[in-house]
Amino acid sequence: MFKNPYIRTIIASNALLNLGIWVRNFAILLYVTDLTHNDPVYVSLISVAEFAPIFLFAIIGGTFADRWRPKRTMVSCDLLSAASIFIVLLALWYGSWQVLLLSTFFSAILSQFSQPSAMKILKQHVAPEQLQGVMALFQSLMALFMVIGPVVGTFIYQHFGIFSSFSITGILFLISALVLTRIPQDEQVIEIDRPTHFIEELKAGIRYVWNNRTLRTLGGTFTIIGLAVGLIQPLMVFVAIENLGQNKEFLQWPLMANGAAMLLGGGLIIGVAKKVQPQLLLAAGLLVSTLTTFGVGWSHNIMLTMALQVLSGLFYPCIHIGINTMMMKNAEAAFIGRVGGALSPLFSGMMVVGMSIGGTLKRESSLNTVYTVSAGLFLLGAMLLLPLLRDRQPVQAVIADDSE
């Protein structure tokens with residue numbers, strides 16, 4: 001796979017962006033918890049700022065990604081993200097901490113244009129039989145930064161402060177843009193024979209998803225697990241503080257254990273990627289998430305919580321790889337941006353809803369209750385996949401039948 005220059009370059013850029021995002025996000029988390037004395041509502045707002053743009057801009061960004069040259073789009077987005085970091089730094093010097101959320105919000109908006117452009121390039125320049133392996137590679141990279149990201153982010157913030165953390169993030173974004181200039185010039189630009197309007201193409205993308213049974217089912221699963229993830233996404237810090245009796249900096253260790261397990265799990269899936277149907281991978285990941293989410297919510301033992309985090313990490317790549325492979329294999333290159341743009345808001349919209357109410361629900365009930373509700377939603381998401389699990393047809397055959 002690494003002989004492919006498109007894969008090499010996008011992987012390198014993704015590594016730089018991941019490191020920058022981890023440094024920024026951990027700096028914001030620690031800074032805000034210091035200022036607000038661990039207020040769960042304010043902590044939840046950090047995640048809302050990160051994920052709300054996915055709901056608001058995914059379908060718009062996906063549609064434009066299908067219209068624009070992907071290389072130019074990706075380079076421009078990284079440059080604008082870097083610029084936003086330095087503008088926010090200037091504003092932070094004179095303003096309040098809330099301005100930090102603007103950086104996360106704006107960067108997340110730009111990612112809705114950049115990410116589908118990357119998927120479009122991979123769809124055009126990677127052989128179909130290699131797609132699931134490439135998705136597993138991306139998952140392994142994400143897992144690697146879940147291991148080193150919290151440590152690096154915590155170290156930089158504690159030793160150098162919020163300004164240095166943001167400066168490093170901005171520099172990493174600039175280097176990513178420079179790396180992306182090495183992508184070969186766009187050659188396979190899809191020409192449109194007749195003038196089309198943005199709204200027409202957006203509607204065509206939504207119809208494309210609706211007419212495909214596999215993508216339609218995936219959309220239902222997205223909706224359920226988005227709410228499940230959203231409810232607990234901002235609350236892991238309270239698992240460390242309340243359930244385990246540790247300080248907030250302890251959060252980096254369960255995250256590292258989870259990330260290390262994800263790295264191992266992603267590597268194992270690369271080995272079996274061609275032999276296992278993506279819908280089976282997704283269902284297995286959701287069932288294990290049901291068990292581990294319930295366990296983490298009720299565990300007051302450090303070793304048990306760490307073991308559950310490891311188990312969750314081992315199977316989390318099944319969710320990520322299963323979802324992305326199903327999307328990539330069920331969408332033509334001309335629609336890849338709009339398919340992601342139509343499905344992602346279902347996940348992220350409910351995720352934002354979950355994050356918005358998770359802090360309040362925890363305050364009004366308990367951490368155990370929130371984690372139990374989340375576990376039940378993961379189980380429901382797995383049950384929605386049953387029709388696809390019973391279908392023994394190859395994925396590509398399903399596409400042909402459903403698209404007619």
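The values are calculated or read from the model by the stated rules, or taken from the named source; none is laboratory data. Please read all numbers here as calculations on a predicted model, not as lab measurements. Cβ: placed from backbone, ideal geometry, glycine included. Neighbour counts: every protein chain shown. Side chains included, ligands, DNA and RNA excluded: accessible areas come from the protein's heavy atoms. Shrake-Rupley method; radii C 1.70, N 1.55, O 1.52, S 1.80 Å.
What to note about this one:
- Length gained when the stretch residue 69-residue 206 is fully extended (0.36 nm per residue, less Cα-Cα span): 47.2 nm
- Per-pair calculated FRET efficiency, R0 = 41 Å: residue 151 and residue 280 via Cβ, rounded to 0.05: 0.75
- With all protein chains modelled, accessible area of residue 262 [1.4 Å, Å²]: 0
- Summed residue charge, Cβ within 12 Å of residue 104's Cβ, Lys/Arg positive, Asp/Glu negative: 0
- Computed extension gain for residue 83 through residue 124, at 0.36 nm per residue and net of the alpha carbon distance, reaches 11.8 nm.
- Largest to smallest accessible area among 22, 93, 298 [probe 1.4 Å]: 93, 298, 22
- Of the trypsin sites (Lys or Arg not before Pro) found in the range 1-105, the ones in coil according to DSSP and having at most 16 other Cβ atoms within 10 Å of their Cβ are 3.
- Given +1 at the Cβ of Lys and Arg, -1 at the Cβ of Asp and Glu and no other charges, the dipole of the chain around its Cα centre is 500 debye to the nearest 20.
- Between 212, 163, 370, the Cα set farthest toward the positive side of the dipole of the chain (charges on each charged residue's Cβ, about the Cα centre) is that of 212.
- Under Karplus coefficients 6.51, -1.76 and 1.60, residue-wise ³J(HN,Hα) of the range 166-181 in Hz, glycine/proline x: 5, 5, 4, 4, x, 5, 4, 5, 5, 5, 4, 4, 5, 4, 5, 5
- These residues, 364, 249, go from largest to smallest accessible area, 1.4 Å probe, as 364, 249.
- Only helical runs count toward this figure. For the chain, summing -39,500 (n - 2.57) over DSSP H runs of n ≥ 4 and dividing by all residues gives -28500 deg cm²/dmol at 222 nm.
- Cα→Cβ-extended label distance, 7 Å offset, between residue 102 and residue 372, nm: 4.3
- Projecting the Cα atoms of 45, 354, 118 onto the charge dipole of the chain, computed from C-beta unit charges around the Cα centre, puts 118 farthest toward the positive end.
- Positive-pole candidate from 234, 387, 27, dipole of the chain, charges at beta carbon: 387
- With each label modelled as a point 7 angstrom along the Cα→C-beta vector, the residue 93-residue 364 pair spans 4.4 nm.
- Calculated FRET value between residue 158 and residue 3, using beta carbons and R₀ = 56 Å, to 0.05: 0.85
- Calculated from the structure at hand, volume of the Cα convex hull per residue in Å³ is found among (i) 260; (ii) 139; (iii) 129 as (iii).
- Cross-link partners of residue 329 among lysines (Cα-Cα below 19 Å; sequence separation of 8 or more within a chain): 120, 123, 274, 275
- FRET efficiency for residue 298 and residue 182, using Cβ-Cβ distance with R0 set to 60 Å, rounded to 0.05: 0.75
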